[in-house]
Ligand code: SF4
């Protein structure tokens with residue numbers, strides 16, 4: 001039980017939750033999944049010291065169904081990826097039943113894409129940047145309970161461990177058709193360098209630092225060099241050891257960029273390769289990726305002593321299985337580059353140009369559920385016959401048929417780069433192989449692996465059974481039935497439902513933060 005505070009009338013309680021549906025469609029925990037969810041850490045900074053704040057991350061801790069914790073807060077703040085929208089509804093119902101006066105604020109890409117629908121469930125459907133939460137807190141609880149400056153609450157993030165996470169910029173200066181950044185159409189903005197410094201100081205000394213920006217490189221070269229210089233200085237001062245970041249492909253156009261970050265202690269760069277097929281990249285407006293050979297770029301990065309990470313999108317809607325297998329085999333035969341860290345089906349995220357195209361073309365499967373937009377479930381009509389595609393997806397999720405080749409690839413990769421990569425980097429490269437071949441064992445504990453295995457999936461949204469979490473974990477009063485029904489993207493004929501029709505409207509520019517994009521106080 002959660003103990004009652006003797007000074008409750010003078011304080012307010014806030015619970016910030018990262019909502020999540022697991023890829024296995026089971027109620028499991030993935031404490032080792034990286035990168036870690038950082039939304040709750042930044043959002044918690046919106047509350048003043050007059051508030052008692054708790055965080056809960058469903059990725060690391062599993063579905064939140066503790067009645068005591070759900071009844072504890074005066075304010076519940078929910079965030080999560082697009083497909084977690086229904087989990088936000090579940091938690092809203094639980095919290096309201098346990099505490100009828102609770103105030104619920106929700107944000108994230110699904111809420112921004114579905115503001116009208118969201119307003120029917122949440123007291124505050126936040127369409128802006130994280131700073132909007134300060135205004136919400138002031139409005140809902142009183143100005144005294146809103147922080148003057150937002151300081152990330154790393155101290156509450158029990159799931160982060162020895163890797164510090166920080167953010168030097170927001171959004172992206174590119175507009176790939178399938179990306180939620182494109183749906184939101186926000187301008188790329190860099191934080192002042194001093195704000196990054198304050199974040200790093202606030203997180204305390206860590207073994208490693210990961211910059212979670214969508215694009216650490218960005219469009220302002222002077223600012224990029226200034227933030228690398230700061231990171232170099234803070235590393236020298238002992239705040240962290242190795243560091244890594246996400247960059248867009250244009251980072252590699254400039255020959256000395258990789259060497260510059262390598263000198264500053266960077267050991268890992270992650271970049272969205274998505275595919276080696278130039279026609280596909282052009283088709284999805286990822287034109288920054290077609291200017292030069294990705295294998296050459298990746299090889300130069302590794303030669304400089306920086307490990308390269310990436311994922312591949314298996315677009316079964318426009319490409320044949322034979323074509324996709326050929327691409328995968330090309331990677332398995334190329335030890336100049338590492339294996340991808342993940343393989344995913346295309347996800348038509350709400351509000352993206354890709355979503356609108358799919359809706360206009362009638363490409364969605366009947367009875368598509370928003371929850372199934374997870375990259376492991378087919379939500380679009382494939383090009384090849386469905387049974388073959390399902391078999392392909394099932395195999396690829398554990399690399400069945402390619403595991404021996406994957407291990408051979410790693411052996412050749414390690415031989416080639418052992419003199420320039422550290423033991424830790426080689427271990428991280430092997431982690432990609434482990435994630436591809438044995439995702440379950442790599443990201444969860446033994447009990448959860450058993451739970452996860454006990455369920456047979458169809459990998460097709462029309463027939464995929466609902467997760468167990470759609471059944472309420474405890475008795476709820478009448479009126480909450482809709483909160484436990486899946487949000488449908490299409491009806492039985494494959495037509496968009498009224499619930500998500502607003503996400504098919506042309507892109508709206510997301511409301512800019514009322515304050516400067518500085519997420520930390522001094
Ligand atoms: S470069 Fe990456 S972050 Fe930027 S729009 Fe494309 S997919 Fe999104």
Between segment 305-336 and segment 228-255, what is the C-alpha centre distance in whole Å?
-> 27
Which order do peptides 66-74, 255-263 fall in by mean Cβ count within 10 Å, highest first?
-> 66-74, 255-263
May I ask for the distance between the Cα centers of segment 92-144 and segment 145-181, given as a whole number of Å?
-> 19
What helix-only [θ] at 222 nm does the chain give? Using -39500 (n - 2.57) per DSSP H run of at least 4, over all residues, to the nearest 500, the answer is -9500 deg cm²/dmol
For 185, 372, ascending order of other Cβ atoms within 10 Å (fewest first) is 185, 372
Dimensionless Rg/Rh of segment 13-89 - Kirkwood Rh, Rg from C-alpha atoms = 0.96
Please work out whether segment 366-408 counts as rounded, prolate or oblate from its C-alpha gyration tensor, where a ≥ b ≥ c are the square roots of the eigenvalues and a/c under 1.5 means rounded, while otherwise a/b larger than b/c means prolate and anything else oblate?
-> oblate
Cα gyration tensor of segment 101-150 diagonalised, 5x eigenvalues square-rooted, in angstrom largest first, produces semi-axes 20, 13, 6
Under 1.5 on a/c is rounded, so check that first for segment 142-262, then, if it is not, pick prolate when a/b is larger than b/c and oblate when it is not; a ≥ b ≥ c are the square roots of the alpha carbon gyration tensor eigenvalues.
-> oblate
Compute the relative contact order of segment 1-124 as a whole-number percentage, counting only Cα pairs closer than 8 Å that sit 6 or more residues apart in sequence.
-> 29
Fewest Cβ neighbours within 10 Å first, please rank 231, 337 accordingly.
-> 337, 231
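Rounded, prolate or oblate: which one fits segment 206-351, using the alpha carbon gyration tensor with axes a ≥ b ≥ c (rounded when a/c is under 1.5, else prolate when a/b beats b/c, else oblate)?
Because a/c hits 1.5 or more and a/b exceeds b/c, segment 206-351 counts as prolate.
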Hey, what did segment 288-397 get for relative contact order, percent, Cα under 8 Å, at least 6 apart?
-> 28
Over the chain, relative contact order from alpha-carbon pairs under 8 Å, at least 6 apart, % = 18
Of 82, 248, 11, how do they rank once you tally other Cβ atoms within 10 Å and put the fewest first?
-> 11, 248, 82
Could you work out how far apart the two model spin labels at residue 400 and residue 283 are, taking each label as a point 7 Å from the Cα in the direction of the beta carbon, and quote it in nm?
-> 2.6
So what does log10 I(q)/I(0) come out to for the chain at q = 0.06 Å⁻¹, using the Debye formula with one equal point on every Cα and no solvent?
-> -0.28
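Readers should treat all values here as calculations from the given coordinates under stated rules, not as data from a laboratory. As the structure is a prediction and not an experimental result, all values here were calculated from the model. Counting neighbours? That spans all protein chains shown, and the Cβs are built from the backbone with ideal geometry, glycine included.
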